[in-house]
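Below is one structure; the comments refer to it alone.
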Amino acid sequence: MSIHKLILLTAITSCVVICRAQPAFTSVGGFTANTIVASSFISDAEGWVADDGGKLWHTSNSGQQWQNIYCGVKLIAVSFTGQQDGFALTSEAAYKTNDGGISWSIIEVENPLPPPSFSGSSNGLIRGWNVLYLTADGGTTWNTASTGDLQFTTACLLDPSTIIAASLSDSAGEILWRSTDGGLTWANTFSGRRYLITTLSKSSAATAWAAGYYNLAGAAHQPVILKSIDGGLSWNNVYQNVEAGGRGEGFVDIRFRNEQEGMAITAFSENVITTDGGQTWTLLYDTDGYGLTPLFGYYHTMSGNTNLYVCGQDGIVYRW
């Protein structure tokens, strides 16, 4: 092979690698001018989003068309487990639907806190003050599991019996916890003073993610991401932005569309993306090539499967 052909082949190969590594986001929003505050997708094609105007929207074709199916109380969290069955929270109550979100009935739980978390169609949890409400029959009945002195900031159901949760840091800095008996007993799995974990998610049965911020005393909140590859038994710090400007900020959501590609969003500007399973993270200050709206504080919620949907202000929805 001539040197010229070798150089050309190398250039083409490099281009292919770069193109494959560059995420491409497609705008599928514009159906509402309100801010989208909650989202839930049960497949690549079908999902629901709720805006801050009290409207719930549904798509069954990957966001090409959206239908307003409900207008009433302002939902701040939604979680659908099938085409008909779903759960939602307002700032005061929890609700369930059996008709795809057209109508909702109240669930008798006290002081529900977002987000609800489900594993399959039957098992789920809703967090309350120092208590977890758990269902094993799709929300027909709910049992309570006291968390004692643990004040959980978020909780995630990994499977029908395994829960991971984050708590406010105590004097020992114990912040991440794991239960394998449906919340009856808890084991501390990560300790670190000055951490505040505000969001948890899973990208596989064994891989879990925790995100929030590290509170550097007298300085900024540094956005931080922890990863577990053993179902929450142990955690490693895989990202910490020590150069966050101003007072800093923390992550509000982290989601993956497969084991390699994921995104974490903050309340303002420190959004990041990974394409290598969290080994490296790229700040989205400069969105050239991504197709995302380059405005700070724009993104509020994410959901999806192989397709990841990123939603926020002015009714924006991007499909990755």
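The values are calculated or read from the model by the stated rules, or taken from the named source; none is laboratory data. Everything numeric in this text was worked out from a predicted model, so none of it was measured. Note that each Cβ is placed from the backbone with ideal geometry, even for glycine, and that neighbours are counted across all protein chains shown.
Points to keep in mind about this one:
- Checking G278 against (1) under 18 Å from V317 (Cβ atoms); (2) buried (at least 21 other Cβ atoms within 10 Å of the Cβ), the condition it does not meet: (1)
- Flag if T144 is modelled with pLDDT of 95 or more, more than 24 Å from H300 (Cβ to Cβ) and of a type in the set (S, T, Y): yes
- Test: residue in the stretch 285-292 that is in contact (Cβ under 8 Å) with a residue 40 or more places away in the chain and touching a Gly at 6+ places or on another chain (Cβ under 7 Å): no
- When G63 is tested against (1) under 30 Å from L196 (Cα atoms); (2) in contact (Cβ under 8 Å) with a residue 60 or more places away in the chain; (3) in a loop (DSSP other than H, G, I, E, B), exactly one condition is not met: (1).
- Residue in the stretch 103-116 that is closer than 24 Å to A33 by Cα and aliphatic (A, V, I, L, M) present: no
- Y95 being assigned to a strand (DSSP E or B) and free of Cβ contacts under 8 Å to residues at least 24 places away in the same chain: yes
- With respect to the conditions (1) over 17 Å from G277 (Cβ atoms); (2) among the charged types (D, E, K, R); (3) assigned to a loop (DSSP other than H, G, I, E, B); (4) within 17 Å of the chain's Cα centre (by Cα), E243 falls short on a single one, namely (4).
- Residue check for F152: under 27 Å from D170 (Cα atoms), crowded, with 20+ Cβ neighbours inside 10 Å and either in contact with a Pro (Cβ under 6 Å, 6 or more places away or on another chain) or free of Cβ contacts under 8 Å to residues at least 60 places away in the same chain (or both): yes
- Extreme residue, surrounded by the fewest Cβ atoms within 10 Å (Cβ to Cβ), among residues of the stretch 205-220 that are within 22 Å of M302 (Cα to Cα) and out of contact with any Pro (no Cβ under 6 Å at 6 or more places or on another chain): A205
- Residues in the stretch 54-73 that are touching a Gly at 6+ places or on another chain (Cβ under 6 Å) and either within 19 Å of S117 (Cα to Cα) or of a type in the set (A, V, I, L, M) (or both): 2 in all.
- Scanning the stretch 246-260 for residues that are buried (at least 19 other Cβ atoms within 10 Å of the Cβ) and outside any strand (DSSP E or B) yields E249, G250, R257.
- Residue check, T306 outside any loop (DSSP other than H, G, I, E, B) and either in contact with a Leu (Cβ under 6 Å, 6 or more places away or on another chain) or closer than 29 Å to S62 by Cβ (or both): no
- The set of residues from the stretch 261-283 being among the polar types (S, T, N, Q), without any contact (Cβ under 8 Å) to a residue 24 or more places away in the chain and in a loop (DSSP other than H, G, I, E, B) comprises just one member, T280.
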